[in-house]
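Let me begin by presenting the structure, written as structure tokens, before commenting on it.
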Ligand code: UDP
């Protein structure tokens, strides 16, 4: 059976991707340092503990499994932290990815699926973003992801490394069967923080900024269900295996939700009030990030089925109430 090396397979999105890969008939090999991941989340294939900065370890794993492709999720992903600790982001996300890409090329593993982000686009005047929108990241997280996109373009040209780049909008929800779910340490994302605040597991949610140029003054984001997102990755993998070449796809739904709208939906879905206070803007946040492209739908045949705000919050709420790796 064909192996796929999944970096960050013990993390939120990576673990859901492993489940989807297994269901599609591949063997996902998780490579994860467990700095932010959970060993309990590695349920769908072998686990190799390792750090992307350790080239020798990467070479061992490529030699052991001879994967047909890499899915590269492992990264630091907090916008706020990237502004205060940019070195962490350049070292882990850029130097780590370069190591991985070089190890893949050395092992003649020339199919590469990369998790990028809408944060590579940066602040743009209230436009919907498509794959041709100019990339002007305003935080170190987005800049680090853009740098890896550029590395892949160069390795594609030099060595024929075919790559599918997915620029994610805001990923939410969890496995409806509850085998894996969203769990960050520390948690910084809106939906899990909201649910923890409802339960009294943390103080009230702070809404970061209420003076943005949006109808209700809070930031607008495009949320996509993690199961839909990883389905796109399996389609992206097949695209590469069919020899269709390198391509960039946005993964969002085209619907924007403000922070206040997400809170209101949560109140409806959970039948509980999110306690919140209004606070200052968080450094590095863009006003609005909404995907305006249906390229993934038309070219990959991607059909999101769970990406309504209600379903995302309901799936996250179920996981929040029943499952956690550190119990
Ligand atoms: N947000 C917030 N309070 C929080 C966490 C997030 O108001 O405690 C806002 C954040 O400013 C952004 C949106 O919620 O507008 C989504 O943030 P998140 O960190 O979930 O994802 P990001 O957009 O940074 O990838």
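Laboratory data are not the source of any read-out in this text; all were calculated from the coordinates shown. Since the model is a prediction, treat every value here as computed from it, not as a measurement. Here the Cβ is made from the backbone with ideal geometry for all residues, glycine too, and neighbour counts use every protein chain on show.
Could you tell me which of rounded, prolate or oblate describes the range 171-240, using a ≥ b ≥ c as the square roots of the eigenvalues of the alpha-carbon gyration tensor, with rounded for a/c under 1.5 and, failing that, prolate when a/b is larger than b/c and oblate otherwise? It comes out oblate by the Cα gyration axes.
Can you pull the Kirkwood radius for the range 48-143, inverse mean 1/r over Cα pairs, to one decimal in Å?
Mean inverse Cα-Cα distance, inverted, gives 14.8 Å.
Note the full-extension length gain between residue 85 and residue 206 as 0.36 nm times their separation in residues minus their Cα-Cα distance, in nm to one decimal.
Taking residue 85 through residue 206 to full extension adds about 41.4 nm, to one decimal.
If you find the alpha carbon centre of the range 1-69 and of the range 71-110, how far apart are they in angstrom? With the range 1-69 and the range 71-110 each reduced to a Cα centre, they are spaced 15 Å. Taken over the chain, the convex hull of the Cα atoms encloses 119 Å³ per residue. Taking the 0 to 90 degree range and rounding to the nearest ten, how far is the long axis of helix 140-159 tilted relative to the main principal axis of the chain, both from C-alpha atoms? Approximately 20 degrees, to the nearest 10.
Shape verdict for the range 114-239, please, from the Cα gyration tensor: rounded (a/c under 1.5), prolate (a/b greater than b/c) or oblate.
Here the range 114-239 falls in the oblate category.
For the range 121-161, the residues whose amide N sits under 13 Å from a probe point set 7 Å from the Cα of residue 299 along the beta carbon direction are 130-133.
Given the options 179, 278, 48, which has the most mean-square fluctuation in a GNM of the chain, springs set between C-alpha atoms less than 10 angstrom apart? With Cα springs under 10 Å in the chain, the top fluctuation among 179, 278, 48 is at 278. Averaging the Cα positions of each part gives two centres, and for the range 111-153 and the range 213-240 these lie 14 Å apart.
Estimated at 0.36 nm per residue, the fully extended path between residue 324 and residue 213 surpasses their Cα-Cα distance by 36.3 nm.
For the chain, the longest principal axis of the Cα atoms and the long axis of helix 309-322 meet at an angle of about 80 degrees. Ranked by how many other Cβ atoms sit within 10 Å of their own Cβ, fewest first, the residues 1, 309 fall in the order 1, 309.
With neighbours defined as other Cβ atoms within 10 Å of a residue's Cβ, the residues 3, 233 order from fewest to most as 3, 233. With R₀ fixed at 25 Å, the C-beta to C-beta distance from residue 153 to residue 189 puts the FRET efficiency at about 0.30. Neighbour counts of other Cβ atoms within 10 Å put 145, 288 in the fewest-to-most order 288, 145. P(r) tail, the range 196-327: Cα-Cα pairs separated by more than 23 Å, 46% of all pairs. Relative to the longest principal axis of the Cα atoms of the chain, the long axis of helix 226-241 makes an angle of roughly 20 degrees.
If you average the sequence gap of Cα pairs under 8 Å that are 6 or more apart and divide by the length of the chain, what percent do you get for the contact order? Averaging sequence separation for qualifying contacts and normalising by length gives 19 percent for the chain.
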